[in-house]
Amino acid sequence: TFGFVRGQRAATRLCSQSLPVVHVSCSRAAPTARCRSHMTTADPVPVVSTPVEPEASREHKRSRPARSTPSHLEAGPIALSWAAGGLTLLLQHHFTDWTQAGADAAYLSQRLQDVGVGPLPQPDLQVALLWAYLYAMSVGVSFAMPGIVPAAQSKADAEGASEPLKVPYRTTKRLMPQHALTAVDLSYIALNSLCLPGLFYHFVTLLRSWGLDFDAPACGIYPEKPLLLLTETLPELAMYLPLYFITYEFVYYWWHRRMHEVPVLYKWVHKHHHQQTYPDRAVIDTLNTGCVESQVGLYSQLALIWAFGKLGLGSLPASLWFFTLAGWMSVLEHDRFERALPFDVFSARDHHMHHAFVKCNYSPYGSLWDRAFGTFKPFQVRPKTGDGPNAGL
């Protein structure tokens with residue numbers, strides 16, 4: 001058996017297998033007769049020894065302590081998140097007009113009594129009932145949202161049956177395990193959900209200053225005459241709703257991108273949310289976020305609506321739909337089923353790509369700003385040969 005050795009690594013490998021090889025001193029371009037004669041021999045190639053790492057260096061590596069706790073689960077980031085949740089609750093209590101809240105609670109209790117839902121409770125309990133109602137409308141409806149908004153369906157089979165399509169895993173070569181919830185996760189979910197009633201009440205308070213009236217027809221949001229819905233409300237929505245979303249997505253895009261690009265922000269604020277590489281629990285995975293990130297994102301929406309109002313660009317119906325749709329899309333993009341809106345306004349696949357590849361698709365809902373700043377990554381799967389698009393699910 002004859003062979004040519006083209007490097008030290010190949011020579012060592014052939015030597016270890018006791019194969020006849022060529023002397024490495026022969027010329028590759030034009031071997032001489034002497035070299036050709038050497039090709040017929042089976043002399044072993046000398047093994048070139050590799051540098052041995054000093055014992056002191058190996059001892060130093062062995063002595064370095066292994067990192068047993070992920071950086072986002074250290075005491076500092078957890079304490080910061082808890083402090084942010086607690087501070088949000090305190091600020092909500094401080095800035096709430098409790099006189100008006102008491103009047104709203106009495107109004108709600110009276111309405112519930114009118115429809116036969118229990119007796120009228122005491123004033124203190126009425127306020128608690130109001131907050132429970134707001135909690136149910138925010139958190140409860142969010143849990144029901146995946147069942148309310150239909151997912152994309154597969155093609156019907158011969159019997160006409162179809163099933164909801166799941167967002168494929170990013171790869172079919174290995175499974176993407178679900179993150180098991182811990183006590184820290186549950187504490188973040190609890191704090192973020194407890195902050196929602198106060199946020200919603202402040203949102204209602206803002207809209208009341210723009211003309212929201214629960215005693216008026218359609219709560220003062222829409223005109224009484226149906227024709228005016230076409231001539232006034234729809235043009236208003238067409239003008240202001242895209243403005244609100246494009247502006248908010250621009251603000252959140254850079255906040256989200258900085259949370260990934262600045263190591264301190266990623267560790268202390270955002271890394272916890274990326275424990276789940278394949279979001280599939282909708283509300284749970286949405287709320288399982290550090291409280292700093294969650295409250296900054298939510299109150300940024302409220303601040304944006306307030307700012308547009310100060311600029312004379314406030315719209316009652318557009319603000320209501322913006323706040324509602326933003327909440328729905330935040331939940332649905334963390335679900336395992338495929339949902340999308342036309343013109344790349346929203347796609348659950350885009351946010352799944354962000355959780356899978358991390359440094360891409362920073363926009364919260366659409367892809368406009370990611371495409372503009374070169375961070376958009378279209379959905380892709382790395383399948384095995386012959387695997388379908390939903391393989392590995």
Test LEU241 against the stated conditions and say whether it is closer than 23 Å to TRP321 by Cα, aliphatic (A, V, I, L, M) and assigned to a helix (DSSP H, G or I).
-> yes
Members of segment 141-195 found to be part of a loop (DSSP other than H, G, I, E, B) and within 18 Å of the chain's Cα centre (by Cα), listed by number | VAL167, PRO168, TYR169, ARG170, MET176, PRO177, GLN178, HIS179, ALA180, LEU181
GLY211: in contact (Cβ under 8 Å) with a residue 40 or more places away in the chain and in a loop (DSSP other than H, G, I, E, B), yes or no?
-> yes
Among LEU313, LEU320, which is assigned to a helix (DSSP H, G or I) and among the aliphatic types (A, V, I, L, M)?
-> LEU320
Residues in segment 323-343 that are out of contact with any Lys or Arg (no Cβ under 8 Å at 6 or more places or on another chain) and either part of a helix (DSSP H, G or I) or open to solvent by 40 Å² or more (accessible area, probe 1.4 Å) (or both) total 12
Could you please give the count of residues in segment 155-195 that are free of Cβ contacts under 8 Å to residues at least 40 places away in the same chain and open to solvent by less than 30 Å² (accessible area, probe 1.4 Å)?
-> 0
When (1) open to solvent by less than 20 Å² (accessible area, probe 1.4 Å); (2) farther than 30 Å from SER71 by Cα; (3) of a type in the set (Ser, Thr, Tyr) are applied to THR289, the one that fails is (2)
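The values are calculated or read from the model by the stated rules, or taken from the named source; none is laboratory data. Keep in mind that what you see is a predicted model, and the values were worked out from it rather than measured. Please note: Cβ atoms are built from the backbone with ideal geometry, for glycine as well, and neighbour counts cover all protein chains shown. Only protein heavy atoms, including side chains, enter the accessible area calculation; ligands, DNA and RNA are left aside. Shrake-Rupley method; radii C 1.70, N 1.55, O 1.52, S 1.80 Å.
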